[in-house]
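Taken together, the values in this text are just the output of simple stated rules run on the coordinates, not laboratory data. None of these values were measured; they are calculated from a predicted model. Note that each Cβ is placed from the backbone with ideal geometry, even for glycine, and that neighbours are counted across all protein chains shown.
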Amino acid sequence: MTGTDPQLSRTALEVAPLLLGAVLTVHRGGATVAVRITEAEAYEGEADPGSHGFRGRTARNSSLFGPPGTLYCYFTYGMHHCANIVCGSEGRASAVLLRGGEIIAGEPEARARRRNPVRARDLANGPAKLAQALGLDLTCDGLHLDTQYTGTGADNAAPGRLWATLSPLPALAPPGVKTGPRVGVAGPGGSTDYPWRFWLEGEESVSAYRAATPRRRPRPAGRGAHTD
DNA sequence: GCTTCGATCTTCT
DNA sequence: GAAGATCGAAGCG
């Protein structure tokens with residue numbers, strides 16, 4: 001697979017189900033971890049209220065507006081990273097968020113990155129878990145699939161020693177694909193009008209569904225303090 | 001097993 | 001100043 005892969009030059013809604021069952025391989029710091037994608041969410045650019053591109057291009061999301069095949073990695077909730085694969089066409093901010101997957105190679109490395117001893121099913125059953133298991137963070141933002149990273153030494157891998165590849169996508173989505181509302185997206189972009197989450201039925205590595213939770217008021221005391 | 005809530009900090013309004 | 005494409009520990013049944 002090369003540069004701007006035509007397989008990814010279509011809408012996120014089309015690409016997301018095709019990604020299910022595909023294998024993303026990341027080589028970093030001398031280790032290779034491969035994940036079979038079992039869950040993904042589509043974000044359709046500036047027309048999608050749930051998308052980071054909805055409010056236009058910023059320094060944070062500029063990779064999202066890159067050519068198809070670009071990795072858009074962002075930092076969220078003060079401690080987590082998530083990874084998207086940009087699709088559609090350059091400048092459109094269309095991307096698929098990788099929400100869950102099964103580690104099929106490099107499990108020891110993935111476990112080491114995940115720090116806590118966890119069950120295999122818990123290694124990548126969530127967007128931040130998957131990014132962590134693969135070693136994806138802000139230093140990978142803007143990396144193009146199949147292109148060796150040659151950026152600054154800010155990351156913990158030697159320059160030129162980081163790359164990611166995606167297995168060829170099938171013409172049709174695999175059997176057993178289910179759809180539902182996106183996870184954690186508040187407002188109109190998260191309503192059932194946008195059932196743009198796709199997963200493989202029966203897979204253990206699919207993350208648990210959580211509706212968007214409105215931010216709670218800070219409590220005067222520790223947990224358990226009543227709200228009134 | 002399921003539910004609830006705090007941690008943590010960047011980004012945007 | 002508030003919200004956020006989350007996670008994991010603690011509490012409860």
How large is ³J(HN,Hα), in whole Hz, for each residue of the range A:83-89 in order, when computed from phi with the Karplus curve 6.51 cos²θ - 1.76 cosθ + 1.60 and θ = phi - 60°, using x for Gly and Pro?
-> 10, 10, 10, 6, 9, x, 9
Which residues' amide hydrogens lie under 5 Å from the amide hydrogen of residue A:147, considering only partners 5 or more residues apart or on another chain, with H built in the peptide plane?
-> A:164
Distant alpha-carbon pairs in the range A:76-118 (separation over 12 angstrom), percent | 73
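If I take R0 = 35 Å and measure r between the Cβ atoms of residue A:146 and residue A:119 in this structure, what FRET efficiency does the formula 1/(1 + (r/R0)^6) give, to the nearest 0.05? Please report the intermediate quantities before stating the final value.
Numbers: r = 32 Å, r/R0 = 0.91.
Result of the calculation: an efficiency of 0.65.
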If amide H atoms are built 1.01 Å from N in the plane of the peptide, which residues on other chains or at least 5 residues away come under 5 Å of the amide H of residue A:38?
-> A:21, A:100, A:101, A:102
Considering every pair of different Cα atoms, what Kirkwood radius, in Å, is found for the range A:1-77?
-> 14.1
One-quarter of the Cα convex hull surface for the range A:1-130, in nm²?
-> 8.0
